[in-house]
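Chemist: Here it is, the structure in full.
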Amino acid sequence: MTRPPSTRRMRGFEPASGLLKERIRVAGESRGFAVSKLLTQWPEVVGEDIAAAALPVKLGYGKGAMGATLTVLTTGAMAPIVEMQKQRILDRVNGCYGYAAVSRVLVTQTAPEGFSEGRMAFTPKPKAKPAPDPVASRAAAEAAGPVRDPGLRAALEALGQNVLARKPPQGE
């Protein structure tokens, strides 16, 4: 009886990247991406600002044409900004490939939810919270000082800081 060749794995845990590497490659190649780095490390390739506004969708090769066409997906509001960054995207993507693999960038617009198959939502960056006002913090801590329960005291201090730091309306 002949034993089939085993595909023995190493002992213990394996990195998830090794388990998914082949599937990512096959999925990427079906859309024209020969280098999966373009998909998996999109923010590092084009930069955080562009990656927050656009996603790579397809890399198409025309018949007899020199270079490929990279199609990126963005929302309608971000389309003009991404359109102005096309040369930067082109330079960075070609830098990822190591040669002028892409000759054209095509911008496609869609709803904020993305295509139905991916349903990737474009989310804006969270707004940075302003630093707490030290005077308001001190006043809130004094007002909540007599409370014995530490959880309730912390909640009352946070509430007091928010109320005391609020700017009065313009009419008053």
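Chemist: Among Leu39, Leu152, rank each residue by its count of other Cβ atoms within 10 Å, from fewest to most, as a rough exposure measure.
Modeler: Leu152, Leu39
Chemist: Extending each Cα 7 Å along its Cβ direction at Glu142 and Ala77, get the distance between those two points in nm, one decimal.
Modeler: Reported label-point gap for Glu142 and Ala77 is 4.2 nm.
Chemist: Gain in length, Asp149 to Ala52, computed as 0.36 nm per residue apart minus the alpha-carbon separation, to one decimal in nm?
Modeler: 30.6 nm
Taken together, the values in this text are just the output of simple stated rules run on the coordinates, not laboratory data. Quantities reported herein were computed from a predicted structural model and do not represent experimental measurements. Please note: Cβ atoms are built from the backbone with ideal geometry, for glycine as well, and neighbour counts cover all protein chains shown.
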